[in-house]
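Throughout, read-outs are computed from the coordinates displayed, never taken from laboratory work. Values in this document were obtained by computation on a predicted structure and should not be read as measured data. Neighbour counts run over all protein chains shown; Cβ positions are idealised from the backbone, glycine included.
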Amino acid sequence: MQGKNVFALFPHQTAFNIPASAAVALPEDVPPRRAVLAASMETALNGVWDAAPAPADRIAVIGAGAVGSLVAYLCGRIPGTDVTLVDINPGRAKLAGTLGVSFAEPGKARGDCDLIVHASGSPDGLRMALELGGDEATVLEMSWYGDAAVTAMLGGPFHSRRLRLISSQVGRVAQSHRPRWTCVRRLAAAIALLNDQRLDALLAPAVAFGDLPHQLPGILDAKTGILCQPVIYS
């Protein structure tokens, strides 16, 4: 791979050594700046495999972060799907439109969904996901709560509608694909899926590595609306 642009999962450092097998060459039609979305796209791809959306499904994706937005984008490419990206930030409506899906604020999303993907990281989002499910719908939980306790309403509609609550985690290839796919193959597929300039809408302007101490407070401030912050090292 000498002389090629590659993607590698590694902490922010100006130089590091990794095995050649840990670097994935970028396709010519995926620019390096957009390739920083590879890890999020891999997580989204794995989640979509776990969720198994079908053509013409009504789908709600709760949480318009990088992963949730990419899940909505992938589901929106399935023929006939009706996909709504749900977020408390009304400014995400423009992003949803760019990705080719609808947008709704909490309380305004259509119910009776076939599939709901929760990626907001908030217990309130999980409760909303359970509320939006139609009879025998699937609710896919992609949020990471760490060791925090989460309250979920598992009475009432959860039982009467026979909802199915399942988890998705990128550490393992989704069960539906595990017999045939490796993590390396999955990552390469995720990178190839980045061949769409619309995905640049998820990226903030790049900042220099040396400027991070000054820039980080703004990057980490939720009010800035930054989804993915590229960092350049040269």
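Only residues that are buried (at least 19 other Cβ atoms within 10 Å of the Cβ) and touching a residue at least 40 places away in the same chain (Cβ under 8 Å): list them for the range 76-89, please.
Residue satisfying the conditions is V86 alone.
Here are E141, E136: which of them is touching a strand residue (DSSP E or B) at 6+ places or on another chain (Cβ under 8 Å) and more than 27 Å from R92 (Cα to Cα)?
Working: E141 fails: more than 27 Å from R92 (Cα to Cα).
The match here is E136.
In the range 215-234, which residues are in contact with a His (Cβ under 9 Å, 6 or more places away or on another chain) and surrounded by 12 or more Cβ atoms within 10 Å (Cβ to Cβ)? It would help to see each step written out before you state the result.
Initial filter on the range 215-234 (in contact with a His (Cβ under 9 Å, 6 or more places away or on another chain)): 231, 233.
Matches in the range 215-234: V231 only.
Being surrounded by 20 or more Cβ atoms within 10 Å (Cβ to Cβ), touching a residue at least 60 places away in the same chain (Cβ under 8 Å) and under 22 Å from Y233 (Cβ atoms) is true for just one of S69, S40. Which residue is that? Don't jump to the end; show me each part of the working.
Values: S69 fails: under 22 Å from Y233 (Cβ atoms).
Exactly one residue qualifies, and that residue is S40.
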